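Shown next, in structure tokens, is the structure this report addresses.
Every read-out reported here was derived from the displayed coordinates using simple, explicitly stated rules and does not represent laboratory data. Owing to the predicted nature of the structure, the values given are computational and were not obtained by experimental measurement. Cβ placement follows ideal geometry from the backbone for every residue including glycine, while neighbour counts extend to all protein chains displayed.
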Amino acid sequence: MSEENRSSKPSNTTNKEIADSDNHPDAPDSELGAKRNGLDRRSFLKAAGAATIATAGVASGAASSATSHGGITFDRVVNAVDDLGMDPTGSTPIDSAFEANIQTGTLIEFPPGTYLFDRHHYYDGVSRFGIRGTGSSHRDVQFTPTKDSALLLIAGFAGSGILIDNLSLQQRNDETTAAAIGLNSPDNSLIRDVEWLGVTPDDDNGLDFNLTYATTDISGVNVAERITHGVDAESVEVPYPGGAQTIRGGPGHVGELILRDAELRNANENATRYTSEGVLTVEGGVFANNQNTQLRFSAGNHPSKVSSARGVHIIVDDPETQVSACIQLDSSPAADYGAIFEDCVIESINAKGDGGGRGVIDFPTWGAHGSATFRNCVIRNERPGRTVSGARIESGRPVPEETAITFENCSFTGNGGGFYAHSDRSGSVIHKSCVDMPNADITGFKTQNVSSSSCRIPSDVLGGSSGGSTDDGSTDGSTGGSTDGSTTPTLHTFSIQTTEDAPLVQYSLTVDGDAARGMNAEKSDFLTNSDGTVQIDGYAANGSEDTYNYVGSIVAWSADVDAQYYDLFIDGEPVDPSSLNQ
């Protein structure tokens, strides 16, 4: 269970709940509202009020003898329909009968059917409680909120041993109905075979998350197994960060959560986000075409464990989805370090927008995350942005004890951008690996025993099934790769080189296509214009050089000083600035 040895790691003084007030628009969330941080106990108790179930009256209905499911023993098992009188046709809300039976030691079993609820269901302190569908498929039992409402099926601060098993939450397809689950448990809780059906709304109509799940004891381990989202319907399209995160930790997460064999697709926010004290252990699963990031977490600040992802398949291939990174390491910013990635397949093929200058594997400057190690991973990048972007640690942030980025026995293919590690990340290395990327430069990484031929591609690992999406949202069964015969756009390099005596040169470049930062261009700003072109505004001086990767064509160029102070190059060849204005 992710027992990486961290006994020598000192305790961070930065509290993650305080760190989550960082006001960067792509970092944690002060200006986005505290609701994004998951369930806060004080806020929960205030919201729950008299509806909290810890002191509910005597439960109704008959009960069968004790039984165990998922390693949790229940003293009392009741049938939602036969014993409790709940309506399985979706006509009459189940709220009163449901709330009366949220009791320690109780398992409520739901026969196949549709169960309507029209208010939030809160609890506090309940342990060994569960809800379980008895159908042959998790889609046989569906819980659906009242139309045009955004409701928590169940949420609160529980004891150990909570089970949510073999059921679905039906959000309809009206773009204004949302259902969510919130679970804060110290240990031994299990959410298994649960799917979100229907369209997930934006956060104005929804709840900012589908599932918030925290392990509240530092020695505790909770599990989420076979969680599914976005298979039957895509989420409402909304600009980032206006959507709902699929699975979220929150500041109460201090132990370990194991996320096993998830299938998370087509979300309008991060598919996962665990940037608090605890660790996230991802075992297998598919993460496809979720807005912003597919996996976003920190190594955590656990005394004996670090966050990790093993056997994961990440794919971005939908031109209508705005994606900045496949993997984003974000300690938010508490100087966490040591995350582990093994046997992962990562494919960045196509997406909407320029990615905001992020890398396929991204260490943003404001995230202040330290070291990470990637072993035996296969990465394909066809987008113009960097394959790896290891930015500096932003000034004023806590500095991690270890900062190096390590790739060992990894394979990189495609026509995308290169590798960058800031000097803050001394010791970064690519070794015993294969890099077949004709447009990629390598800056800030040492290379040791790196070849460029016979590199593994995703289909070598996946057996020809990528699990990505076609235009109609269905799986296409193909993987591609730099040698698979697929058609990819030509990637170009643009650079501005200023003279040694140049004053500050402020410039603007417009591309009819897609673009991303290359070397030394972190200070530039990207803007997508109403006509779809990408505008880049930057500045350089005193012999410095800025580089960008792009596909398409340059349609406009301007600078606030005479051209005698700079030279422009496209694909290494000098170009007259006046020829760039179309």
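List of remarks:
- Convex hull volume of region 209-351 per residue (C-alpha atoms, cubic angstrom): 92 Å³
- Which of V511, G532, T499, positive extreme of dipole for region 489-577 (C-beta unit charges): G532
- D537 versus S558: modelled label distance in nm, points set 7 Å from Cα along the beta carbon direction: 1.0 nm
- Once the Cβ-Cβ distance of R392 and E342 is raised to the sixth power relative to R0 = 35 Å, the FRET efficiency obtained is 0.85.
- Label separation (S578 vs K147): 6.6 nm, computed from points 7 Å beyond Cα along the C-beta direction.
- D217 paired with Q448, simple spin-label distance in nm, labels 7 Å along Cα-to-beta-carbon: 4.2 nm
- Amide H partners (placed H, <5 Å) of S127, local residues excluded: T104, G105, G159
- Full extension of the chain segment joining D567 with N529 gains 11.1 nm, where the gain is 0.36 nm per residue of separation less the Cα-Cα distance.
- Nearest-0.05 FRET efficiency for E237 and E545, computed from C-beta distance (R0 30 Å): 0.20
- Computing FRET efficiency as 1/(1 + (r/R0)^6) for D87 and R375, where r is the C-beta to C-beta distance and R0 is 41 Å, gives about 0.20.
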